[in-house]
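This report concerns only the one structure given below.
The values are calculated or read from the model by the stated rules, or taken from the named source; none is laboratory data. Nothing here was measured: the structure is a model prediction, and the numbers come from that model. Ideal geometry is used to build each Cβ from the backbone, glycine not excepted, and the neighbour counts take in all protein chains shown.
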Amino acid sequence: MKSDKESTNNTGAGPAIEVTGLVKTYGDKTVVNGLTFQVQAGVVTGFLGPNGAGKSTTMRMMLGLDRPTEGRVLIAGRAYEDLGEPLRHVGALLDAGAVHPGRTARDHLLCIARANRIPDSRVEEVLEQVGMTSTAKRRIGGFSLGMRQRLGIAAALLGDPQVLILDEPVNGLDPEGIRWLRHFLKDLTAQGRAVFISSHLMTEMALLADRLIIIGKGSLLADVSMTKFAEEHGRSRVRVRSTEPARLQAALVREGLRVESVAGHSLEVYAVGADEVGRIAAHEGTPVLELSQVEDSLEDAFMRMTADSVEYAARPLGEVA
């Protein structure tokens, strides 16, 4: 397999995936609207967006399953349909349920391998990689969703590709499986592969991704490293709890600070450090029970960024329309 990989999987110095001016319309509805971004080798790139943002349609166009209305997608410098033996260039998991339930895991992978001129020995290799050697002879119909996800990842790896496109691979995995996937994908990028992964689990994306592509209503909202996204879109604030919150709030407001009341006699103070809040409290003579710096989670920042792009927004219980 090594010689095949060297001859077919050379991504060169260019991007592993290049999306340029991508548009997809269905009648009067524009699902993807002028997307342009790149995915680099050696990086886990997270693909985020609310439901209906166009993520699945974009991934299908990457793999030649949907034809763009405008624009193009190149993988290692070529359109998917122009790749000779595409499984040796790009592996994908879009729907873990799209498998024949009557086949065993090994037979499912053997069918894919033989249809793509991949040696049978590679099936045993990927089964071991995803931890399914002991379940290889079991029929897929009896698999849990997490086991189907592992099988889908095994199928994506069959051609030993340099590019992986995975749609919601964490879905259905137990904590051990999520931990395994996190380390597994990091190992793949350490080998110089590109991993493009869509997920709704923001806490996991924060641990998985090096870079983020965020879309809303089919348009690009952000193309940024995880570190820079946290710096630019996260909100740092000070949480302070006092026995006299009203008095302390008045003192903080007099200093020109933005203050919000939260549960439990606590206040959140923005654009200031904990030391300054402590100084003001001491000067006012208000007892402080808690004083801490709070940073937004990835989920908080993502929800704020995409608030205007959510297609379906439920109202809290008790709120009247």
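Looking at the stretch 130-142, can you tell me whether even one residue there is in contact with a Pro (Cβ under 6 Å, 6 or more places away or on another chain) and assigned to a helix (DSSP H, G or I)? Yes, the conditions are met somewhere in the stretch 130-142.
Of the set (1) polar (S, T, N, Q); (2) more than 18 Å from Arg193 (Cα to Cα); (3) not in a loop (DSSP other than H, G, I, E, B), all apply to Gln38 but (2).
Scanning the stretch 27-37 for residues that are free of Cβ contacts under 8 Å to residues at least 24 places away in the same chain and within 14 Å of Lys217 (Cβ to Cβ) yields a single hit, Lys29.
Annotation note: Cβ proximity below 6 Å between a residue of the stretch 90-102 that is assigned by TED's automatic domain parsing to the domain that holds Met61 and under 15 Å from Gln149 (Cβ atoms) and a residue that is at pLDDT below 90 and not in a loop (DSSP other than H, G, I, E, B) (sequence gap 6+ or interchain) occurs for no pair. Of all residues in the stretch 87-98, those satisfying the criterion of being surrounded by fewer than 22 Cβ atoms within 10 Å (Cβ to Cβ) and modelled with pLDDT under 90 are Asp95, Gly97, Ala98.
The criterion of being assigned to a loop (DSSP other than H, G, I, E, B), loosely packed, with under 15 Cβ neighbours inside 10 Å and either aromatic (Phe, Trp, Tyr) or not assigned by TED's automatic domain parsing to the domain that holds Leu94 (or both) does not hold for Gly192. Of all the listed residues (Arg148, Arg114, Arg179), the sole one being surrounded by 15 or more Cβ atoms within 10 Å (Cβ to Cβ), assigned by TED's automatic domain parsing to the domain that holds Met61, basic (Lys, Arg) and not in a loop (DSSP other than H, G, I, E, B) is Arg148. Summed over the stretch 256-268, the residues that are charged (D, E, K, R) and either assigned to a strand (DSSP E or B) or surrounded by 16 or more Cβ atoms within 10 Å (Cβ to Cβ) (or both) give a count of 2.
Considering every residue within the stretch 226-244, establish whether at least one is free of Cβ contacts under 8 Å to residues at least 12 places away in the same chain and more than 30 Å from Phe196 (Cβ to Cβ). Spell out the reasoning first.
Taking the stretch 226-244 and keeping what is free of Cβ contacts under 8 Å to residues at least 12 places away in the same chain, we get 227-228, 231-232.
Right, trim to more than 30 Å from Phe196 (Cβ to Cβ) and you get none.
No, because not a single residue in the stretch 226-244 is free of Cβ contacts under 8 Å to residues at least 12 places away in the same chain and more than 30 Å from Phe196 (Cβ to Cβ).
In the stretch 51-65, the residues that are under 16 Å from Val163 (Cβ atoms) reach residues that are assigned to a helix (DSSP H, G or I) and among the acidic types (Asp, Glu) with C-beta atoms within less than 7 angstrom, at least six apart or across chains, in these pairs: Gly64/Glu81.
One line per residue, one yes/no per condition, for (1) among the β-branched types (Val, Ile, Thr); (2) assigned to a loop (DSSP other than H, G, I, E, B); (3) at pLDDT 95 or above:
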| residue | (1), (2), (3) |
| --- | --- |
| Ile280 | yes, no, yes |
| Leu289 | no, no, no |
| Asp300 | no, no, no |
| Arg304 | no, no, no |
| Asp308 | no, no, no |
| Glu311 | no, yes, no |
| Pro316 | no, yes, no |
| Val320 | yes, yes, no |
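Scanning the stretch 218-237 for residues that are in contact with a helix residue (DSSP H, G or I) (Cβ under 8 Å, 6 or more places away or on another chain), surrounded by 14 or more Cβ atoms within 10 Å (Cβ to Cβ) and either modelled with pLDDT under 90 or more than 29 Å from Pro50 (Cα to Cα) (or both) returns Met226, Phe229, Ala230, His233, Gly234. Can you confirm whether the stretch 38-48 contains a residue that is touching a strand residue (DSSP E or B) at 6+ places or on another chain (Cβ under 6 Å) and over 25 Å from Lys217 (Cα atoms)? For the stretch 38-48, residues touching a strand residue (DSSP E or B) at 6+ places or on another chain (Cβ under 6 Å) and over 25 Å from Lys217 (Cα atoms): present. The residues on offer are Leu207, Leu185, and the sole one that is at pLDDT 90 or above, among the aliphatic types (A, V, I, L, M) and assigned to a helix (DSSP H, G or I) is Leu185.
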